[in-house]
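A quick write-up on the structure given underneath.
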Amino acid sequence: SFVWLPSSGEEESSGERGVLHTWRGYSCSVTPDKVLLSRPVLQAALGAKHGVLLVEGGQVYSFGELPWKQNQALSGTTEPILEAGLSEQHVVSVAAGACHSGAVTEDGAVHMWGDNTYGQCGLSGLSVVPNPTPVGVVDCEATPPQPVRILEVACGEQHTLALSTRHEVWSWGSGCQLGLLTTTFPVWKPQKVEHLAGRHVLQVVCGSSHSLALVRCLPPPHEARRPPLDKCGQCNQSLYTMTDKEDHVIISDSHYCPLGVELEEVSAPASASGGLMATGVKSSPYPDEQALKDYLKRLSDQSLAEHASKNPTTVQCPLTEPADVFISDPATPVAQSVTPMGSALNHLVISCASAVGERVASTYEALSLRKVISYWSGVCYEPLWNSVACMCVQGPGEGRERPEERVRQEEHRQGKKSSSLGDIREEEAEGLNRRLSLPGLLSQVSPRLLRRVSRPPVRAVALTPVGVAESDAHLPSLQTEVWSWGRGQEGQLGHGDLLPRLQPLCIKGLSGKEVIRLAAGALHSLVLTAQSQVYSWGSNSFGQLGHMESPSTIPRLAKLSEGIRVWDVGAGQNHTVLLADGDCFQPILYYSGQQVKEGSLETSQDSVCAGGQSCAALADRNVMGFIASLHELAAAERKYYCKLTSIKSILLSNLGPACTGLLQNLVGRFGRLSQLTGQNSASLTSFLRRSRDVRGLVVLDNAHLFLDTYSEYCTAIGNLLVMGGFQALVKPCQDVFGKGAEAVQKLSECCEDGATLADVLINLFYLPVRHLHEYGRLLLKLATCYEVNSMDYQKLQDVCSKYESLALHLKRKRKEAEYTLHFWKSFPGKMTDSLRKPSRRLVCESSNKALTLQNAGRFSVNWFILFNDALVHAQFSTHHVFPLATLWVEPISEENAGLYGLKVTSPEESFMLLASSPSEKAKWLRAINQTVEQALSGAGLDTSGAVMRADPPISRTASYTFYKDSRLKGATYEGRWVVGKPHGRGVLKWPDGRMYTGTFKNGLEDGYGDYIVPNKTLNKNDYYQGHWKDGKMHGFGTFRYATGEVYEGSFQDNMRHGHGMLRSGKLNSTSPSVFIGQWLHDKKTGYGVFDDITRGEKYMGLWQDDQRQGNGVIVTQFGLYYEGAFSNNKMMGTGVLLSEDDTTFEGDFSDDWTLSGKGTLTMPNGDYIEGSFSGVWGTGLKISGSYYKPNIYDSDKEKSCTLKLGRLAVPSEEKWKAVFEECWSRLGCDSPGQGETSTAWDNIAIALTINRRQHRDSPELLSRSHNKTLESLEFIPQHVGPVTLEKYHIIRRYLIKACDTPLHPLGRLVETLVAVYRMTYVGVGANRRLLQQAVNEIKSYLSRIFQIVRFLFPDLPEEGGLLAEAPNEKKDSDSNGTKIESPKPGRVVSSSALLLPVLLPRLFPSLFTLYALEKEKEDDVYWECVLRLNKQPDLALLAFLGVQQKFWPATMTVHGEKQQILSSTKDACFASAVETLQQISTTFTPSDKLQVIQLTFEEITQEVLSLLKQDFLWSMDDLFPVFLYVVLRARIRNLGSEVSLIEDFMDPCVQHGEHGIMFTTLKVLLLDPTVYTHIPVKLNNT
């Protein structure tokens, strides 16, 4: 044995860490020996007679007997020697088996060396591997095969296990402890343990001939639960047993199937297995092959069917001489083949890393914490440990009793142990064996125990929340299972029998025990739980289990004195080493096992491991107290978790029946807190073994998680406290724990004498809050180990202050809850029921008459109570609650008669409160303002008063339900408020389903909003979207009716008023129609156009009260045209009716298309009848009158009789008045021209800004060019002072841009006019008789828009006026003398020149269609002539037209070459002029068209000049034939329509200028019939 004893001063002075100490066995003289290395040791692993060390830097040393090394074969080495083969690698973990070792490198590769007799080094063909050699772990199922990265390895006597980064287990070597589907050993190549595939394995360890794995629980399945079976699906034995003993009954559900794999969901015929081990008979331990395949398929993603079919299913453990194992005499040595060789605890660096990052998704059962009297025979070392590992090997000569006998004795002892009620408390609560012992017969049992027997295992209260919490991403999982497999001759598998298991099987006794660490000795196993308890099972020949003399085949709790919390375990051949916390934070080392004698020893250390008959410990020197502080933090957390667990198991699990909603919530929050603490405790423990960097601490990195959990927990306690829940818990507690409830008193550590049970319970539940101070204190202690200006120091300081301030905040919360509870006790009972709410806390109340209502009656009682969410005004029997979010309070100045008043405003009431003194007034004002501010900011988590504002904002967002207001009764408003009134954006919902979403102003809907009104009869909604004013629809909007009608237009006072369009029905419904026009108080009144699509009629005229009344025009799709008077929606009065063939009736009508009275009927040929008519047009007419056949000499009279259409139609100026009025009102004028120009410009600016803001929220509505237009419109052109030409052009450009966007009032006007114009003259409205009205309508638009333009630019001259001259131009004209010239066209102001370019292009299609229809006949004659003449070649045509020879072009240019014009040449002469003239069809406005004509003349002149090569002036006789040639060659189809359009819209000032003369030429050419008649004659003569 090696001895080491530090001097007292050495510990503080040197700053080393990772110092290794080893010792062998235990006797009173043993002292650990310090192994000196150049670097700190990170991990130690011990084998039977050797050890492996991992030092900082990733190097590996071996020591002890190393027979595989040539030079070390005979004598062992005490000095560690470096494994040079690994010096290039960075090793992260090591392991030692009985006679072989393993190492894992940073990149996940495995290196093995040592004895390889059984293939345990994974290298075929070698019996010994002298130096570390890489072993390939390859997943062959992947295509292509993938190398598997390994986290850690564990070594046994004849086998090795590896845990991959994907948390799967791989094994190689020999024996059934491999868990593989094979009978062929050794297995040289690492194979995956398929039975654990698909599960998340956290740690693996190896005993001498058995294996253990720590596995994360699967989340609970979502499928419906099947009824529980009462027989095992495999061995057909009962799952539940009842055993009668002398004085008690044992009921047990701990059936352990001997057949390895327990297939819970596959029912398979059981195979007889009784004789398997004793006789070695090969009976299959598996169900049928297919069932196995199904099960394996479910377990893993890759199907294992092939694997199972290749290997025979009669797999079993090849036991050589199995009889030796079971019937050996105690004196005889056990057969060599099963000599158990030991294993190392898989240790520090890696195992914990794999435990971090677990996510937990299922609930776990509460554990009863047994407070047992410990009689552990063992020694206490008190070092500052970091981790423990032991490894033991048992020599062949050590005697043991027969296993069967031991098991029998064990059962007998168990029977005796379970006979007292006290032991039931210890053993029960889903205890080790889930066994209930009932004294005497069932009838004598106390009702509570019976209740516990019959109670289903699922409790009424979920002690932990089921959902996956965010925290679990950063914390180790506590929901784990332990799986074991291999040989079980000593019960080391923990399944309650001595049978081997060929496949991993879950140990039932450990389910729900929160296992976090495993260790395996040669023939015994240990687990460590999150509650710092150790369970052990297997061989106990030297007391290594630490709980009784006999062995145990199931996990049992190791006995330790109360308050000892274990946090690392190690197991050797026949001994166990534990590292634990005692009363101080210095760790204690416990030893249990071989060579036990009395004595003790003290040191100061940091990590342990044991192996063979040796133990090793790693100690850290206390660098600046940093390690000590870390240990203190971890120890405090472990102690705290044990406390929480005991509260949960002793108290909460027994309060199940008393659960109300609030208590259930509290229990759930407690469970969450407890789970978080347990996970943090496990995390800290693994943190100690692994790293020394404070940055990994969950308490630091995820502080918000802890803070939130504590806040929620504290709120839950407060809520239960306020509702008097703790008083209600007193009785259930006394029922369960007796009258004094000492167990609860003891738990709560309550030291106050005479405290009631309710107070004790409150104290108990507030215990966790005190732990926040612990966090603060210990983090501060850690911070002192760092430099003050370092990042780590800052972080620790910040988090520490967060914990401290939360602790203070929660303390304040507790006081508030207690104050509120006290208040409810004194408050009159009736009101308490309706006002008492869990989350409601009292702030202050006026029972001392400090606050009264102004003008209250003499005997009235007015009690004001301020809660954290409402101000309550209580009277004798009634009370009113004012929610704080919608409460405004302001002080009233004290000048008026010394009153100390507060004005309180709520959405529906406003009242005055009088305080008794200035201080009371200030107190209440402050209290109300602060609580309002807290209510608005949410939970009011003000950790410091400084953050609070003095006054809550006047404008705020809140929700409120109206109860009084007649219009809003029952409605709920959610949105912005200003002093008691909805103001800003919000949503208002009425109980009947109506809903308004939009802006409010002073409590009323105002601005833009959406409004939905359910229509009960049609089961659809009416939907309005548009502008509001003073709570009513006002302005532009769209209303979609439930009936399918859609109105788009102006509203006023909730009614359609102004200009609007109503679409009714779809095209296939009964009466689809469209009306566009003026509305007055929801009715069609004024001018409007009604398109009745089904009847094919369009009416354009006046309306009154939804009826046609006054003058109007109707056109039909069959070409009928009527203009005249309407009355009561019918044609009634004088009118004119024309049919398509020009048959005309002029006279009286009595109904639609019904003639009645005097009139004249004119035939297309001029014959007419005068007289009295009756009947419907189109059917037989009754006529009484005279028939006239006009004489050829009556031509004068005929001319006077020609009909002037449009006389009885609505004058153009009367049309669309509402559209123009709306534009004026947008500019701020009550009537056209009445108002201020500056106001108009302001309104334009506001409109643009508002519209831009609206569109900024939804940018997709605006194109980029549109955005630019808006930007340029924001600059207002100068509109004061004389308008010069330059300024005139600026105005013109501004108007073009303004009319380009509907966001500008002018653009809006133009857009509407275009819409109504198209609505009128498209479709049925495309009737040639409407041409003149269409032209006049455009002219009226021009004059009315020009009026608006002149209003905006007051100095613009009126129509036909002259522009002012710029100063410099004036000088020029003066110097030239004072000649009076006719004004240039550019100087004259005209509405058409200014506005037609904007308007006409938009209206052109519908207008030009009318022209084409009107001029159809003339155009046809003209076109026929054009086609005929164009067949002639150029020279012939020129000759025919009488063009003088000198004007005939002689050459033409083709591709830059001059060519002679021949008699056959076509389309070559005057080609450029022809091309120019053809462009007339591509222009819109008369001025543009005239420009084209002018250019044509210029082109002709140019060509003639180049011919004559001298100046010359045209005479009309010369010019006319040439121009006629060009017109004919240009082939313009609708030239007549073009000419009419120019004539109608030509600027008056142009008529007598150059343009006018040119246009006249074209007109004459087109309209003079002689032109066309003399041409054909000439041609015929030739």
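Ile1557 label point, 7 Å along Cα→Cβ, cut-off 11 Å on backbone N: hits in the stretch 1510-1548?
What the label zone holds, given the 11 Å backbone N cut-off, is 1514-1516.
Over the stretch 517-556, what portion of Cα pair distances is larger than 14 Å, expressed as a whole percent?
37 percent
How much accessible area per residue does the stretch 1311-1355 have, counting only protein heavy atoms and a probe of 1.4 Å, in square angstrom?
I get 31 Å² per residue for the stretch 1311-1355.
Not counting ligands, DNA or RNA, and with a 1.4 Å probe, what is Leu202's accessible surface area in Å² rounded to the nearest 10?
The accessible area of Leu202 comes to roughly 10 Å².
Could you order the peptides 833-841, 869-877 from most to least packed, using the average number of other C-beta atoms within 10 Å per residue?
Ranked from most to least packed, the peptides come out as 869-877, 833-841.
7 Å from Cα along Cα→Cβ at both Asp798 and Glu1543: what's the point-to-point distance in nm?
8.7 nm
Pairs to check: Lys825/Lys921; Lys513/Lys731; Lys849/Lys981; Lys825/Lys981; Lys1016/Lys1130. Give those whose C-alpha atoms are more than 29 Å from each other in this structure.
Lys513/Lys731; Lys849/Lys981; Lys825/Lys981; Lys1016/Lys1130
If one computes P(r) from the Cα atoms of the stretch 38-192, what percent of pairs lie at distances over 23 Å?
32 percent
Give me a comma-separated list of calculated 3J(HN,Hα) values for the stretch 633-649, in order, Karplus coefficients 6.51, -1.76, 1.60 applied at θ = phi - 60°, integers in Hz, x for any Gly or Pro.
4, 5, 5, 4, 5, 5, 5, 5, 5, 4, 4, 4, 5, 5, 4, 5, 6
Using R₀ = 56 Å, calculate the FRET efficiency as 1/(1 + (r/R₀)^6) where r is the Cβ-Cβ separation of Glu1358 and Asn1128; round to 0.05.
For Glu1358 and Asn1128, the calculated efficiency is 0.85.
Under 5 Å between amide H atoms, partner at least 5 residues away or on a different chain: which partners does Lys1029 have, H built in plane at 1.01 Å?
For Lys1029, the qualifying residues are Gly1007, His1034.
Enumerate the amide H contacts of Ser1156 below 5 Å, restricted to partners 5 or more residues apart or on another chain; note that Pro and chain-start residues carry no placed amide H.
Asp1148, Phe1149, Ser1150
Would you mind telling me the share, in percent, of accessible area of the stretch 971-1053 contributed by carbon and sulfur at probe 1.4 angstrom?
The computed percentage sits at 50.
With a 1.4 Å probe and every protein chain left in place, work out the accessible area per residue of the stretch 755-891 in Å², rounded to a whole number.
48 Å²
Round to a whole number: what % of the accessible area of the stretch 1112-1179 belongs to carbon and sulfur, probe 1.4 Å?
C and S fraction of accessible area: 51 percent.
Using each residue's phi in the stretch 493-503, evaluate 6.51 cos²θ - 1.76 cosθ + 1.60 at θ = phi - 60° and report the 3J(HN,Hα) Karplus result to the nearest Hz, with x for Gly and Pro.
For the stretch 493-503, the Karplus-derived couplings read 7, x, 9, x, 8, 10, 7, x, 10, 7, 10 Hz, x marking Gly and Pro.
Over the stretch 114-215, with a single point scatterer placed on each C-alpha, what log10 of the ratio I(q)/I(0) does the Debye formula yield at q = 0.17, 0.21 1/Å?
-0.71, -1.10
According to a simple spin-label model (label point 7 Å from Cα along Cα-to-Cβ), what is the distance in nm between Glu1424 and His880?
Label at His880, label at Glu1424, 9.2 nm between them.
Please report, as a whole percent, how much of the solvent-accessible surface of the stretch 787-906 comes from carbon and sulfur atoms (probe radius 1.4 Å).
Of all accessible area on the stretch 787-906, carbon and sulfur atoms account for 54 percent.
With a 1.4 Å probe and all protein chains in place, put Met791, Met112 in order of accessible area, largest first.
So the residues, ranked largest to smallest area, are Met791, Met112.
Just to check I understand the Karplus step: with θ = phi - 60° and J = 6.51 cos²θ - 1.76 cosθ + 1.60, what whole-Hz values come out for the stretch 188-198, glycine and proline as x?
Once rounded to whole Hz, the list reads 7, 9, x, 10, 7, 7, 5, 5, 9, 5, x.
With just the Cα atoms defining each centre, how far is the stretch 836-869 from the stretch 1392-1455? Give it in Å.
A separation of 94 Å, based on Cα centres.
For a quick protection proxy, order the peptides 538-550, 132-144 by their average other-Cβ count within 10 Å, most packed first.
538-550, 132-144
I want to check the label-to-label distance for Gln664 and Lys1417. Put each point 7 Å from Cα in the C-beta direction and report it in nm to one decimal.
9.3 nm
For Thr957, project a label point 7 Å along Cα to C-beta. Then give me every residue of the stretch 966-984 with its amide nitrogen under 17 Å of that point.
Once the point is set 7 Å along Cα→Cβ of Thr957, 973-979, 982-984 turn out to lie under 17 Å by backbone N, inside the stretch 966-984.
Going highest first, how would you order 1020-1028, 1038-1046 by mean Cβ packing within 10 Å?
For the peptides 1020-1028, 1038-1046, the packing ranking is 1020-1028, 1038-1046.
When the distances between all Cα atoms of the stretch 627-721 are binned every 5 Å from zero, what whole-number percent does each bin get?
Calculated P(r), rounded to whole percents: 2, 13, 20, 21, 17, 11, 8, 5, 2, 0.
Could you work out how much longer the chain between Lys1189 and Phe911 gets when fully extended? Use 0.36 nm per residue separation minus the Cα distance between them, nm to one decimal.
90.8 nm
Between Thr1094 and Asp1151, what is the FRET efficiency for a Förster distance of 22 Å, r being their Cβ-Cβ separation, to the nearest 0.05?
My answer for the efficiency is 0.70.
Ordering Arg926, Arg994 by how much accessible area each has at a 1.4 Å probe, largest first, what is the list?
Heavy-atom accessible area, descending, gives Arg926, Arg994.
Find the accessible area per residue for the stretch 961-1017; the probe is 1.4 Å, ligands and nucleic acids are left out, and the unit is Å².
Here the per-residue accessible area is 52 Å².
The values are calculated or read from the model by the stated rules, or taken from the named source; none is laboratory data. Here the structure is a predicted model, which means the values were calculated and not measured. Every residue, glycine as well, gets a Cβ built from its backbone with ideal geometry; the counts of neighbours run over all protein chains shown. Remember, those area values only see protein heavy atoms, side chains included, never the ligands or the DNA or RNA. Shrake-Rupley method; radii C 1.70, N 1.55, O 1.52, S 1.80 Å.
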